[in-house]
Amino acid sequence: MKIYTYIKSNTMEIKETIYKNGKSVLKGELDSKALLQQVLSLAHKNSHSAVKTYLSELDSDHLDTVYHQGDLTLTEDLNLFECNICNLIVDGNLIVDGCLSIYDDPETFVFVTGNVRATNMVTSGTLHVNGNLEVGQCLLGDYNHGMTGVYGSAKARFFCPEEYFFQIEGPIHFDYALGNTYRLNDNAQKKLFNLNDKPLAELIDILHPDVLALLDPEYLEILEEAETDAIWEFMEWRNFLKYVRSGKPVLK
């Protein structure tokens, strides 16, 4: 398989990168029925339902479906909402030297036959990865729509699913994990959530000072009494997502 590598610097150029070796439904370069059958033939069996849901009816007049042949490597954030892409199929590896953002409004579906690697990732949409998922810093779920299916291994320095569902079939390597254990493989990986049920002071101690700056100063008064989950009572979640998307570190 031929590998394509690109270096771009803004949304328009990122779109040009994707479309350079990507075929488009809106441009009439793809037959939707043929695309569905092709992706089904490439997808893990547990992805078939999502593939059918997102690729069966492609009638948007402004949001595109793109099939990219070969590895797609970007040195900037990939924000599919800003790119006006609702379905992205990468027949190869997807590498994002920045934040990969996948949304539920508009509904966004990303399917990758190889591996996915990103600096940060925030998702409320749907992602299916045949291979491995590796996030250098922070892997966040947002709300409870969509799901991420990883059929290889998953790795991240900090993981927080919020109310979003992750299904990871291979080995999991999270340095720190916090949140709702049910949202990872139906509670089967509870032991991975090493920050749950710890005093809030222990979490505060490993967070980067810029994250602490997002907290209400009153948190200092309850450090000795509160548990870790109390952090969300003192931090606006949307501000935290914005912070992660900016590429700033979550942990020291």
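The values are calculated or read from the model by the stated rules, or taken from the named source; none is laboratory data. Computed from a predicted structure; not experimentally measured. When we count neighbours, we look across all protein chains shown, and the Cβ atoms used for this are built from the backbone with ideal geometry, even at glycine. What goes into the accessible areas is simple: the full protein's heavy atoms, side chains included, and nothing from ligands, DNA or RNA. Shrake-Rupley method; radii C 1.70, N 1.55, O 1.52, S 1.80 Å.
Compared with the dominant principal axis of the Cα atoms in the chain, helix 32-42 is inclined by about 60°.
Per the Debye calculation on the range 20-85 with a single equal scatterer at every Cα and no solvent contribution, log₁₀ I(q)/I(0) for q = 0.14, 0.19 Å⁻¹ amounts to -0.46, -0.85. Shape class of the range 33-128 from the alpha-carbon gyration tensor: oblate, with a/c at 1.5 or above and b/c at least as large as a/b.
Quick one: Cα centre-to-centre distance for the range 175-208 and the range 124-170, in angstrom? Cα centroid of the range 175-208 versus Cα centroid of the range 124-170: 15 Å apart. What you get for the range 125-195, charging only the Cβ of Lys and Arg (+1) and of Asp and Glu (-1), is a dipole of about 180 debye around the Cα centre.
Ranked by the mean number of other Cβ atoms within 10 Å per residue, highest first, peptides 139-146, 245-252 order as 139-146, 245-252. Of all aspartates and glutamates in the structure, those lying under 14 Å Cα to Cα from residue 20, and not within fewer than 8 positions of it along the same chain, are 29, 71. Averaging the sequence gap over all C-alpha pairs within less than 8 Å and six or more residues apart, then dividing by the number of residues, gives the chain a relative contact order of 11 percent. When only Cα pairs below 8 angstrom with a gap of at least 6 residues are kept, the range 56-128 shows a relative contact order of 29 percent.
Rounded to the nearest 5, the antiparallel percentage of DSSP beta bridges internal to the chain is 10%. The dipole here belongs to the chain: it is taken about the Cα centre, uses +1 on the Cβ of Lys and Arg and -1 on the Cβ of Asp and Glu, and is about 1240 debye. Across the accessible surface of the chain, with the other protein chains kept in place and a 1.4 Å probe, carbon and sulfur atoms take up 46 percent.
For residue 242, the lysines whose Cα comes closer than 25 Å to its Cα, not counting residues fewer than 8 places off in the same chain, are 8, 15, 155, 252.
Using the 1.4 Å probe convention, the accessible area of the chain works out to 47 Å² per residue with neighbouring protein chains retained. For the range 123-252, the relative contact order comes to 18 percent (Cα pairs under 8 Å, sequence separation of at least 6). Residues 27, 242, sorted by accessible area with the largest first, give 242, 27 [1.4 Å probe; ligands and nucleic acids excluded]. How would the range 183-252 be classified by its alpha-carbon gyration tensor: rounded, prolate or oblate, with rounded meaning a/c under 1.5 and the a/b versus b/c comparison settling the rest? Verdict is oblate for the range 183-252.
Dividing the helix sum by the residues of the chain, where each DSSP H run of 4 or more adds -39500 (n - 2.57), gives a mean residue ellipticity at 222 nm of -5500 deg cm²/dmol. Based on the Kirkwood radius over alpha-carbon pairs, what value in µm²/s does the Stokes-Einstein equation return for the translational diffusion coefficient of the range 130-252 at 20 °C and 1.002 mPa s? The Stokes-Einstein estimate is 144 µm²/s. Test of understanding: extend the Cα→C-beta vector of residue 37 to 7 Å, then name every residue of the range 67-81 with backbone N under 19 Å from that spot. Residues passing the 19 Å test: 67. Based on alpha-carbon atoms, the Kirkwood radius and the radius of gyration of the chain give Rg/Rh equal to 0.99. Shown are 81, 165, whose ranking by accessible area with a 1.4 Å probe and every protein chain present, most to least, is 81, 165.
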